[in-house]
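Enquirer: Next up is a structure, given as structure tokens.
Just so you know, all these numbers are worked out from the coordinates, no wet-lab data involved. Computed from a predicted model, the values in this text were never measured in an experiment. Positions of Cβ are backbone-derived with ideal geometry, glycine not excepted, and every protein chain shown enters the neighbour counts.
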């Protein structure tokens, strides 16, 4: 079983929260454990960890309602409500629910006779050692010991196994491929994108005329895509076009640098003939023969010109060797550009042997609570306006995006291995958590009330 990426996010989020708001008030003997079931006691550190998660979630909800809110103002936060509930109560209720799920899963794991493999145990050990090396001081300062941290990492593996027991192949609540397909179609989109930047090859903002040309170019590419031209081929075509523009800009910059160098190093001619107004007018437009003469002259100048051009070529070669995903607006204010993968370098007849999902992005349907990827406008357009196998041109502040939506259920990798397990877990998260909390109640889980009162999420360590 591979390390769960969601646990990684929880570890980072909790560690971040600890640096902001949490501190243990001290663990007396009577509050060192937070809950027990049969002969199993859970350390208070597990509860504190879940408090950090709940605190982060609560402040995130509040920030979405008020971007100007200063979440470092604890006095103000303590007066606020989340979902019509006092924030302290909301955080603690959330943490207690997660603690019940934790207890229920661990007890059910044992009841079902499930076991962690040697590989799982080794992976758990390595994960604990790695992250503890980074966050030990933050966790220990706030009452989360290494044993609690290990229990949380181990729980994540056990949770996956118990969930798979019920919802995986052969389970009593098994998810069929049809159910998975329906969930994917309602919550995920598979897209390919070409981004046309509102910046020139040197990174300068285009004027209005320049932007109109970009829009015109995007529409031309849309027509090609709608006529049946391979979108991957169009991605490469535009990438090559952008590379050519960058090459020309670099060459022009190198030539300008060379000419400036010549101007600085060579003394001015003092015996030049007088230039008339007619001569000045004639110099405004450069003819082809004049360009050839300039190029011949440039070749005879000092080696600085050639060096600048060689460096530009080297930079371009390095850029061509890099392999990356298609750039989207999710990358912030950086200039959007179309990049290619190794699959783009092959000819069409070789595409069958390349990555079948090259140049693709998978977007999850956004919401006010969860946010939008890559942007709200693009996310909503993909899910509400663009039909499968259709294209659309979407304008954002930084450029134009030509997007093609593909069938998400044609992604066979979502129906096998870890991706399938991840989708099933996501589909059934709420139902599973409720079921696990009920298990905890049935097993007779008891909470240590003095301990629950001791650990206040607003006990800030200054």
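Enquirer: Calculate, axis by axis, the spread of Cα positions in region 92-242 along the three principal axes, and write the results as whole Å, longest axis first.
Expert: Each principal axis gives a Cα extent; for region 92-242 these are 67, 45, 35 Å.
Enquirer: At 7 Å along Cα-to-Cβ for each site, give me the label-to-label distance between residue 129 and residue 459 in nm.
Expert: 3.3
Enquirer: So what's the gap between the Cα centers of region 99-161 and region 370-444, to the nearest angstrom?
Expert: 27
Enquirer: Which three numbers, in whole Å and largest first, are the semi-axes of the equivalent ellipsoid of region 360-420 derived from its Cα gyration tensor as √(5λ)? Working shown, then result.
Expert: On the way: eigenvalues 102, 47, 19 Å².
Its equivalent ellipsoid spans semi-axes of 23, 15, 10 Å.
Enquirer: Semi-axes of the equivalent ellipsoid for region 111-163, please: Cα gyration tensor eigenvalues, times 5, square-rooted, ordered largest first, whole Å. Mind dumping the intermediate values first?
Expert: Details: eigenvalues 112, 31, 10 Å².
Semi-axes, largest first: 24, 12, 7 Å.
Enquirer: Kindly state, as a whole number, the per residue volume in cubic angstrom of the convex hull around the alpha carbon atoms of region 42-156. Present the calculation step by step, with values, prior to reporting the outcome.
Expert: Details: hull volume 14.6 nm³, N = 115.
Considering the Cα atoms of region 42-156, their hull volume per residue is 127 Å³.
Enquirer: At what distance in nm do the modelled label points of residue 199 and residue 83 sit from each other, each positioned 7 Å from its Cα along Cα→Cβ?
Expert: Between residue 199 and residue 83, the label points sit 4.1 nm apart.
Enquirer: Please arrange 181, 176 by counting, for each residue, the other beta carbons lying within 10 Å of its beta carbon, fewest first.
Expert: If I rank by nearby Cβ atoms, fewest first, I get 176, 181.
Enquirer: How many percent of Cα pairs in region 350-462 exceed 25 Å?
Expert: Working: 3350 of 6328 pairs.
The proportion of pairs with Cα distances above 25 Å equals 53 percent.
Enquirer: Going by C-beta contacts inside 10 Å, put 248, 360 in order with the fewest on the left. Each step should come with its number before you reach the end.
Expert: On the way: 248 11, 360 19.
With the fewest neighbours first, 248, 360 line up as 248, 360.
Enquirer: Sticking with this one: How would 445, 81, 52 line up from fewest to most surrounding beta-carbon atoms within 10 angstrom? List each step's numbers first, then the result.
Expert: Numbers: 445 21, 81 12, 52 25.
Ordered from fewest to most neighbouring Cβ atoms within 10 Å, 445, 81, 52 come out as 81, 445, 52.
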